[in-house]
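This report refers to the structure that appears directly beneath it.
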Amino acid sequence: MKQKHLWALARRHVWSDSNSTVVRMVSALSIAGVAIGVAALVILQAFMGGFTEAIAAGLTAINPPLHIYVPGGGHMDDFDLGVVQSIASGIPGITGVEGMLEKPAVVSGAPGTVSGAMVRGCSSVGLTIGMDLARELNVTAGDEIRIASTAGVEVSGMGRVLVDTIVVLVVDSVGDFGIEEYNSSLVLLLGTARDIFRAQGELTSLGADVSTGTDPVMASELLNSALYEDYVGGGWPVYMSCIPYLAFHGNLFKALGLERIAMTIVLALITVVALLNLSSALTMIAMEHRRDIGVLRAMGLSPSGVFRISILRGLLLGGTGGAAGLLFSWISILAVNRYFPIKLDGTVYWIDVLPGVFPVATALTVTLFTILVCLAVSVFPAVSALSRSPSEALRYE
Amino acid sequence: MSKEIVLSAQNVYCSYGSDDVSIKVLKGADIAIRIGEVVAVMGPSGSGKSTLLHALGLLERPEKGKVFICGEDGWAMNGRKRAELRNRKIGFVFQFHHLLEEFTLKENVMMPCLIAGESSEEAAGKAERLLERVGIIHRASHFPSRVSGGERQRAAIARAIVMKPDIVLADEPTGNLDTVTSAEIEKLIMELAEEGRRSFLLATHSEDLASAVHRKVFLSSGILNESE
């Protein structure tokens, strides 16, 4: 019998009006169960993954993916930058190394406003102020701000605080760096930062960029190994290390990953329960159509045809449930992102809105797993149908 | 074995139940049916007529004995070959028609052809011609639940002969019908047997049907006899 005719038989057995109300209800419930299980898994992965990705993107928004530093917090300067640039030029995937100077300062904007903020000097173009800081200082692009460096603070004998380094700068742009902490800081040119902090030639850290597609962990290991060879191998008294920037927050990502695994296991168990329910629906459908199978065998349907019909019934139920779950999760994620954004407290969670990112690979894996389990649970009714003689099936009422 | 013989059974034994409580239904049944011959198997209810037909139709494996369909030992081959033999050489008509409820009468008649791997168009052509022949072409697109008992049995007969089988096994084909409809079905069976030189083995209680067939056999105490 051709495959399309076997499909027709399986389809009509599953969606038959002649099925009893109980069977139809159990079938509908089992499909709904599978759909909900699949949707729950996909939606969970979408928002957990979205949260992790947003945090990682925010952390690397103003930080290069690789961080080079002196262990123990030692001093760095332009000479170190030159050495590291020279070493890194031989590492595939690393596109450049820049020096950074990052220090706290007091910033004021509109009359009556003042705030403490981290000032970062790097190779940025112009002065970009974080959106939260801009709001606090009531400034926008084109406005003037004043930055008072802590490097110029002196306390007089009378106990007065004297600040002699106050720089007036024009805001070039207001930026959303993704993370609340960074949105309360400002970024400007390295040279300007050195002027503000009276730190000519000084650097607090070095950052390296990698090309698209390069794994930062791999690149950092290569650079770290080259740095070690050059510094320690060369007999220098100090040396430098390189780590991926996100490794600074490794514990956070590990905790998020663990939470994600735990919730995935719980939801996967719920899906398994739904699939067991589907197994009982398949058994009931097989019982309802036992005599039909006997008639088909009397007409010459081969044992493999009987087996395939049973498997196709499972595929239909599971496939429908899986597809419905995928569709539901996709629509839900889209709707939440567009119309019902989940607001978060940025001071606690770093980001203001929880983004949902449809996890294509996870969705396909979950669907494939569901279909495989459906095939597995279809085997029992199939074997059961084959274990009976056609005569026995024909006598079944 | 004569080439004229389409079905023969030798020393067939069948029983029901477990080893502890076993009811022996057939105790060495023998039968041979020639091409174009219409044979009625008669016997009281519970005598084993249906079991005999199922054993002869390769639906139930006998405990002992052999069943030959057109010279081939039906129980000596594997399941796939046996299914193929049922599809091409044997037609079945059941007392309660056993049409597939989810399919129209035409689709029911097409089913053996589809099982044989024929295309939908080819199968539909054959089904339409046969539904025309048995007088229910106007019901072709109706589902079994929407037609009368007589029309269902006509569709079941059309389904049984659509593959032009050598033998049709009919289990009480008129057992569930009123007198007028029974007479119509009996007439149809005899006409179809005549037209195609097709053999029929009918299990029946109907004296009317039995009187029209070529030969009668009686099933009694698990053995087939030519006389009561």
Can we say B:PHE92 is within 25 Å of B:ILE189 (Cα to Cα), aromatic (Phe, Trp, Tyr) and away from chain A (no Cβ under 14 Å)?
-> no
Just wondering, is there one or more residues in the stretch A:181-196 that are of a type outside the set (Gly, Ala, Ser), in a loop (DSSP other than H, G, I, E, B) and touching a residue at least 40 places away in the same chain (Cβ under 8 Å)?
-> no
Give the stretch B:1-24 a look and list any residue that's surrounded by fewer than 21 Cβ atoms within 10 Å (Cβ to Cβ), touching a Gly at 6+ places or on another chain (Cβ under 8 Å) and closer than 28 Å to B:SER211 by Cβ, or say none.
-> B:ILE5
Log entry, pairs with first residue in the stretch B:52-80 being more than 24 Å from B:GLU172 (Cβ to Cβ) and touching a residue at least 24 places away in the same chain (Cβ under 8 Å), second being surrounded by fewer than 20 Cβ atoms within 10 Å (Cβ to Cβ) and among the hydrophobic types (A, V, I, L, M, F, W, C), beta carbons closer than 6 Å, six or more apart or on different chains, reads B:GLY71/B:MET1
For the stretch A:1-92, which fully contained helices (runs of 4 or more DSSP H) count at least 2 residues that are outside the structural domain of A:SER329 (by TED's automatic domain parsing) and among the polar types (S, T, N, Q)?
-> A:78-88
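One line per residue, one yes/no per condition, for (1) within 14 Å of another protein chain (Cβ to nearest Cβ); (2) in a helix (DSSP H, G or I):
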| position | (1), (2) |
| --- | --- |
| A:LEU301 | yes, no |
| A:LEU327 | no, yes |
| A:SER332 | no, yes |
| A:THR347 | no, yes |
| A:PHE358 | no, no |
| A:VAL366 | no, yes |
| A:VAL379 | no, yes |
Would you please name the residue that is surrounded by the fewest Cβ atoms within 10 Å (Cβ to Cβ), looking only at residues in the stretch B:56-71 that are within 14 Å of chain A (Cβ to nearest Cβ) and under 24 Å from B:LEU192 (Cβ atoms)?
-> B:VAL67
Looking at (1) within 14 Å of chain B (Cβ to nearest Cβ); (2) over 30 Å from B:HIS97 (Cβ atoms), find the lone condition where A:ALA393 falls short.
-> (2)
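Looking only at residues that are facing chain B (nearest Cβ under 9 Å) and touching a residue at least 60 places away in the same chain (Cβ under 8 Å) in the stretch A:1-10, which one is farthest from A:ALA382 (Cα to Cα)?
So the residue we want is A:MET1.
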Take A:LEU133 and decide whether it is in a strand (DSSP E or B) and among the hydrophobic types (A, V, I, L, M, F, W, C).
-> no
Pick from A:ALA61, A:ALA35, A:ALA28: which is buried (at least 21 other Cβ atoms within 10 Å of the Cβ) and of a type in the set (Gly, Ala, Ser)?
-> A:ALA35
With respect to B:GLU107, determine if the residue is within 10 Å of chain A (Cβ to nearest Cβ), of a type in the set (D, E, K, R) and either surrounded by fewer than 20 Cβ atoms within 10 Å (Cβ to Cβ) or out of contact with any Pro (no Cβ under 8 Å at 6 or more places or on another chain) (or both).
-> yes
Output for the stretch B:25-54, where each listed residue is buried (at least 19 other Cβ atoms within 10 Å of the Cβ) and within 14 Å of another protein chain (Cβ to nearest Cβ) = B:VAL25, B:LEU26, B:GLY48, B:LYS49, B:SER50, B:THR51, B:LEU52, B:LEU53, B:HIS54
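Looking at the stretch A:116-142 only, could you name the residues that are of a type in the set (S, T, N, Q) and either in contact (Cβ under 8 Å) with a residue 40 or more places away in the chain or more than 21 Å from A:THR192 (Cβ to Cβ) (or both)?
Of everything in the stretch A:116-142, those that are of a type in the set (S, T, N, Q) and either in contact (Cβ under 8 Å) with a residue 40 or more places away in the chain or more than 21 Å from A:THR192 (Cβ to Cβ) (or both) turn out to be A:SER123, A:SER124, A:THR128, A:ASN138.
Quick grid of which residues meet (1) more than 21 Å from the chain's Cα centre (by Cα); (2) surrounded by fewer than 18 Cβ atoms within 10 Å (Cβ to Cβ):
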| residue | (1), (2) |
| --- | --- |
| A:GLY318 | yes, no |
| A:GLY325 | no, no |
| A:ARG338 | no, yes |
| A:VAL348 | no, yes |
| A:VAL366 | no, no |
| A:VAL377 | yes, no |
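The values are calculated or read from the model by the stated rules, or taken from the named source; none is laboratory data. This structure is a prediction, so every number in the text was calculated from the model and none was measured. Because the Cβ atoms are built from the backbone with ideal geometry, glycine has one as well, and the counts that use them run over all protein chains shown.
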